[in-house]
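Enquirer: This structure is in C-alpha cells; I'll ask about it shortly.
No value in this document is a laboratory result; all are computed from the given coordinates. Model, not experiment: these values are computed from the prediction. Methodologically, a virtual Cβ is constructed for each residue, glycine included, from the backbone with ideal geometry; neighbour enumeration extends over all protein chains shown.
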Amino acid sequence: MRFTGFLFFFILVILKILLKSWFRQLKISIFVIKKTLKEKIMKTTTKEYTSWEAIQKLYPDSFVLLENPVYDPLRGLTGGIFIYKNKSRTKVFEKDIAMQLPYATIKYTGGIRGNRVNENVLIL
C-alpha cells in the first residue's frame, strides 16, 4: 500500500515536470511566432516603397508623411516609404519632428481643400 502511494506521487511529480517544460516550450514558440509576425507587419507597412497614386487611393483627403520621397522632374512626387497619415497637418508635422527622419516630405493626398490648392494644380 505504501509503495503504490509513493509510485503514484512519483508519477504525479514527473507529469508536473513534463507539463511545465511543455508549457515553457509552448510559450517560447508563441513568443517567436508573435515576434516574426510583428517583424513581417513592420516590414510591409513601414519599409516598402509605395507609389504616389497608390497612397492617394489608400488615404484620400489626408496628409501623409513619406520617408525617402522619390521625385521625377516632369511628374513631381512619384512615391516613397509611407510612415504616417492623419487628417490634421499639425499632427503629421508633430510626427515628423518626433521621428527626426533625415529625408521626408509631407503631402496632401486630395486635390483642393477649402481655399487651399494642391501643388500639382496650375492656376492661370
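Enquirer: Just to confirm a number: summing +1 for Lys and Arg and -1 for Asp and Glu over residues other than Asn86 whose beta-carbon lies under 10 angstrom from that of Asn86, what do you get?
Expert: On the way: positive: Lys85, Lys87, Arg89, Lys91, Lys95; negative: Glu94.
Taking every other residue near Asn86 into account, the sum is +4.
Enquirer: So if R0 is 41 Å, what FRET efficiency would Ile17 and Lys47 give, r being the distance between their Cβ atoms, rounded to the nearest 0.05?
Expert: E(calc), rounded to 0.05, equals 0.40.
Enquirer: Counting other beta carbons within 10 Å of each residue's own, what order do Ile17, Ile55 fall into, fewest first? It would help to have the intermediate numbers written out before the result.
Expert: Details: Ile17 10, Ile55 20.
Fewest to most other Cβ atoms nearby, the residues stand as Ile17, Ile55.
Enquirer: Using the Cα atoms of segment 48-111, I'd like the radius of gyration and the largest Cα-Cα distance, Dmax, both in angstrom.
Expert: 10.9, 32
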